[in-house]
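None of the figures in this text is laboratory data; all of them are computed from the coordinates on show. Here the structure is a predicted model, which means the values were calculated and not measured. Glycine gets a Cβ as well: all are built from the backbone with ideal geometry, and neighbour counts include every protein chain shown.
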Amino acid sequence: MSDWHGERPPAARPIRVEGGLTLRSKRGDIARTWWSRRFVEVLESFGMGGRLARGRTYARTGQVMSLSLSTSVVVALVMGSRPEPYRARIGVRKFSDEDWVRIERALADRAVFAAKLLAGEMPAEIEELFAGLGLTLFPASMREMSMDCTCPDWEVPCKHLAAACYLLAESFDADPFEILAWRGRGREDLLERLRELRAPMPATVAADDGLPALEDSLDVFWQRPAAEPVPDPDEPVAHHPDAILDRLGPLAVRGRSITDGLRPLYRRLGG
């Protein structure tokens, strides 16, 4: 006869998994980067702190057999005490297509953001960028998230979900693009869109002084038109405001003369 008098029988030991996913961190804090820590802090702010800790051992001992992330949902297979693994799902509200159009334009305006993401770093100011668009990069409330598991535990998160959350946080450490993919835009699609938005525009002529645009034209900025003669450097410089331009010689961008564009400005300054 058992001496146990509780409301449920003691938890059975989980079946050990060969080759399961394990956390790199063996003790102490799990998240290494600010964005991964932020994700854990968000979950803890929803009152999950104590329940998350239940899955830490599962995450460190390899009980999670697989973890896959796709648009708005993460699915993990976690081995418990039964022969069949449990399926744990963590869902988040994805941004709409209209939201992503605004996000992509804002990111394209800040080239350093894309550069940092490509270097494996989430820009520290990116939460402010999302806030300026009326959005939050990380879930702002439990209404933006959903969690469920096929195990019989009624608590959310159960230890299987908690283990998946820790492994998800560590995957964000390795690749910050996964946070954006979770919200609805994969790495390649996002980078392709940013490349399109930052594509060089055709050169234009300013209305006031006739100067051609210099953006995206550095490769031809110093190109000299072969047909125009270069002034003799031994000749004395004439005493007029734009004489220095004659010393420089003709400069052109895509067939438009920089020298001719600057000449009216020099004359106005010299007048």
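Observations on the model:
- Here the 3J(HN,Hα) profile of segment 177-192, calculated from phi with Karplus coefficients 6.51, -1.76 and 1.60 at θ = phi - 60°, is 4, 5, 5, 5, 5, 4, 8, x, 9, x, 3, 5, 4, 5, 5, 4 Hz, Gly and Pro shown as x.
- Order of W34, W100, W154, W182 under a 10 Å beta carbon neighbour criterion, fewest first: W154, W34, W100, W182
- For segment 85-169, the fraction of alpha-carbon pairs in successive 10 Å shells from zero, as %: 15, 36, 28, 18, 3
- Length-normalised contact order for segment 34-197 - Cα pairs under 8 Å, 6+ apart - percent: 37 percent
- Rough spin-label spacing in nm, given labels placed 7 Å along Cα→Cβ, for F46 and R82: 2.3 nm
- Cα gyration tensor shape for segment 34-197, rounded if a/c is under 1.5, else prolate or oblate: prolate
- Listing R87, R51 from fewest to most neighbouring C-beta atoms within 10 Å gives R87, R51.
- Placing a pseudo-label 7 Å from each Cα along the Cα-to-Cβ vector at L133 and A12 gives an inter-label distance of 4.8 nm.
- Mean Cβ count within 10 Å, highest first, over the residues of peptides 53-66, 36-49: 53-66, 36-49
- Annotation: lysines with alpha-carbon distance below 24 angstrom to K159 (same-chain offsets under eight excluded): K26.
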